[in-house]
1. Within the group GLN78, GLN66, which residue is over 13 Å from ARG28 (Cα atoms) and assigned to a helix (DSSP H, G or I)?
2. VAL6 - would you say it is part of a strand (DSSP E or B) and more than 11 Å from the ligand (Cβ to nearest atom)?
3. Would you say LEU72 is under 17 Å from ARG32 (Cβ atoms) and under 11 Å from the mean Cα position of the chain (by Cα)?
4. Looking only at the range 40-57, filter to residues that are outside any loop (DSSP other than H, G, I, E, B) and touching a helix residue (DSSP H, G or I) at 6+ places or on another chain (Cβ under 6 Å); which one of those is nearest to the ligand (Cβ to nearest atom)?
5. Please identify the pairs in which a residue from the range 16-31 that is farther than 16 Å from ARG63 by Cβ has its Cβ atom under 6 Å from the Cβ atom of a residue that is in a loop (DSSP other than H, G, I, E, B) and more than 10 Å from the ligand (Cβ to nearest atom), counting only partners at least 6 apart or on another chain.
6. Could you list, in sequence order, all residues of the range 9-30 that are surrounded by 10 or more Cβ atoms within 10 Å (Cβ to Cβ) and in a loop (DSSP other than H, G, I, E, B)?
7. Identify, from the list GLU60, GLU34, the residue that is acidic (Asp, Glu) and either at pLDDT 95 or above or more than 16 Å from the ligand (Cβ to nearest atom) (or both).
Amino acid sequence: MKPKHVPQRTCIACRTVAGKRGLVRLVRVDGRVEVDPTGKQAGRGAYLHPSRTCWQAVIESNRIEQALRIKLSAANRQELMNYMQDLPETE
Ligand SMILES: [Zn+2]
């Protein structure tokens, strides 16, 4: 029997490969970036560890914008920072 395939994704902050379920998906929808809790929303996506360390790194370095090819508005950036506040410091 073949082992069950677990989709692997790379965290855009620390570049560590992890199982899809261990990462939070961000998706570009209608010119903005949203958190996609289902991981199934259509659109260009990027993955991040659910840790403040990884989120802070990409928000401060604009790597989200590079990964999703978007210009984050100040309000949208603030929403992502609000989401980040509820995450643990590290994974
Ligand atoms: Zn990470």
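1. GLN78
2. No: the conditions fail for VAL6.
3. No.
4. The residue in question is LEU48.
5. GLY19/VAL6; LYS20/PRO7; VAL29/GLY43
6. Passing the criteria: ILE12, ALA13, CYS14, THR16, LEU23.
7. It is GLU34.
The values are calculated or read from the model by the stated rules, or taken from the named source; none is laboratory data. A quick note: this is a predicted structure, and the numbers were derived from the prediction, not measured. Ideal geometry is used to build each Cβ from the backbone, glycine not excepted, and the neighbour counts take in all protein chains shown.
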